[in-house]
Amino acid sequence: MYDKTRTALAGVVGSALLALAPLCIAAQEYPSKPVKVVAPYAAGGAIDIVARTLAQPLGQALGQPFVVDNKTGAAGNLGVDAVAKAPPDGYTLTVALSSNLMINQFLYTKLPYQPEKDLKLVAKVAEAPLVLTVTSGINVGSLADLRKYVQSHKGKMSYGSWGVGTISHLSASRLNDLLGGDMAHVAYRGESPMINDLVAGNIQLSFVTGAQAPQFIAAGRLKPIAVTGPVRLATLPDVPTLAEAGVDDVLLRAVGWVGVAAPAGTPAPVVDRLASELDKALRKSDVQKRIRDLGWTPSFQGPADIAATYQREAPIWKQVVRESGAKLD
């Protein structure tokens with residue numbers, strides 16, 4: 001009886017090892033050919049720069065080129081959709097924003113992919129906090145000042161964003177609710193025209209990216225109030241977080257992030273190897289500098305941690321999108 005049991009157990013273990021063998025071999029041999037990295041935004045933009053910055057050390061470490069392919073359209077959704085529908089073999093990846101990887105499923109009525117079902121998050125590589133700024137023409141220097149100002153000008157102020165449903169819109173919409181300002185939303189086609197109107201005083205406040213805000217603040221054309229996220233920006237160390245300034249809100253403690261994703265079903269050993277090499281790449285000083293120069297913060301999370309971040313943040317953004325009333329086709 002003992003011998004039969006042992007024989008049966010050995011058979012089960014042997015079958016399990018045989019089943020795992022292809023995955024182990026795949027991970028050892030990966031990559032055996034060039035890897036395509038889809039950047040779903042235009043060449044020269046921030047996402048493109050991050051993709052190319054990471055592709056170089058990945059290629060050096062893994063012995064195959066990581067080739068960046070700019071596949072633009074539909075606010076980044078087109079490129080991410082191409083990755084979602086690619087073979088799940090580790091040879092097609094994307095570097096994309098959390099809007100594409102998480103938030104847009106709540107915003108778009110016809111998003112062609114389901115992030116949680118169709119994609120596997122490999123890693124978070126950067127965070128993208130925003131700076132709450134006001135036009136220099138109003139007498140506001142702190143969040144307490146801003147609260148008083150918006151309440152005394154109720155229904156007479158407006159805030160800008162670089163598009164309906166963008167993080168700039170959703171964050172400002174949430175702040176508007178918290179301050180009770182009854183402010184109007186003005187959506188622009190991009191951050192530059194939004195900033196131009198903010199500087200001119202045609203709108204009174206906006207969230208601005210960490211890449212753009214410092215130069216306008218240094219020139220005295222905008223006044224910083226606070227930053228989103230849990231920590232201050234290295235480029236604006238004297239500007240408090242919104243929580244420090246008195247608005248400790250779960251959404252405004254969150255920040256946009258940049259993630260690397262693969263098609264769902266990509267073998268776990270391949271995902272883990274990619275994540276390990278991304279972690280090493282993000283420890284390099286030149287990589288960190290290039291990301292910081294974009295106004296972003298290098299920040300690594302592996303597959304398990306970024307999955308937990310997704311599960312924690314997705315319901316928050318879903319609620320905010322619903323409350324804002326934002327919808328896109």
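Checking each residue in the range 84-122 for being of a type in the set (Val, Ile, Thr) and touching a helix residue (DSSP H, G or I) at 6+ places or on another chain (Cβ under 9 Å) picks out THR92, THR94, VAL95, ILE103, VAL122.
Taken over the range 66-114, the criterion of being in a loop (DSSP other than H, G, I, E, B) and either in the same structural domain as ILE167 (by TED's automatic domain parsing) or farther than 21 Å from ARG322 by Cα (or both) is satisfied by LYS71, THR72, GLY73, LYS85, ALA86, PRO87, PRO88, ASP89, GLY90, TYR91.
Residue count for the range 271-296 under the criterion of being of a type in the set (Lys, Arg) and under 22 Å from GLY45 (Cα atoms): the result is 4.
When we screen VAL164, VAL231 for residues that are outside the structural domain of ALA74 (by TED's automatic domain parsing), of a type in the set (A, V, I, L, M, F, W, C), under 26 Å from GLN288 (Cβ atoms) and surrounded by fewer than 19 Cβ atoms within 10 Å (Cβ to Cβ), the only hit is VAL231. With the structure loaded, tell me whether ALA281 is of a type outside the set (Asp, Glu) and touching a residue at least 60 places away in the same chain (Cβ under 8 Å) or whether it fails that test. Judged against the criteria, ALA281 is a match. Considering only residues in the range 283-305 that are more than 20 Å from LEU130 (Cα to Cα) and out of contact with any helix residue (DSSP H, G or I) (no Cβ under 7 Å at 6 or more places or on another chain), the one that is surrounded by the most Cβ atoms within 10 Å (Cβ to Cβ) turns out to be ASP305.
Please work out if PHE216 is modelled with pLDDT of 95 or more, of a type in the set (Phe, Trp, Tyr), touching a strand residue (DSSP E or B) at 6+ places or on another chain (Cβ under 8 Å) and not assigned by TED's automatic domain parsing to the domain that holds GLU116. So PHE216 fits the description; yes. Considering only the range 169-189, I want to know if a residue exists there that is part of a strand (DSSP E or B), buried (at least 18 other Cβ atoms within 10 Å of the Cβ), touching a strand residue (DSSP E or B) at 6+ places or on another chain (Cβ under 6 Å) and not hydrophobic (A, V, I, L, M, F, W, C). Among the residues of the range 169-189, not one is part of a strand (DSSP E or B), buried (at least 18 other Cβ atoms within 10 Å of the Cβ), touching a strand residue (DSSP E or B) at 6+ places or on another chain (Cβ under 6 Å) and not hydrophobic (A, V, I, L, M, F, W, C), which makes the answer no. For ARG283, indicate whether it is under 27 Å from MET183 (Cα atoms) and of a type in the set (Lys, Arg). Judged against the criteria, ARG283 is not a match.
The values are calculated or read from the model by the stated rules, or taken from the named source; none is laboratory data. Source: prediction; values computed, not measured. Cβ sites come from the backbone with ideal geometry, for glycine too, and all protein chains shown count toward neighbours.
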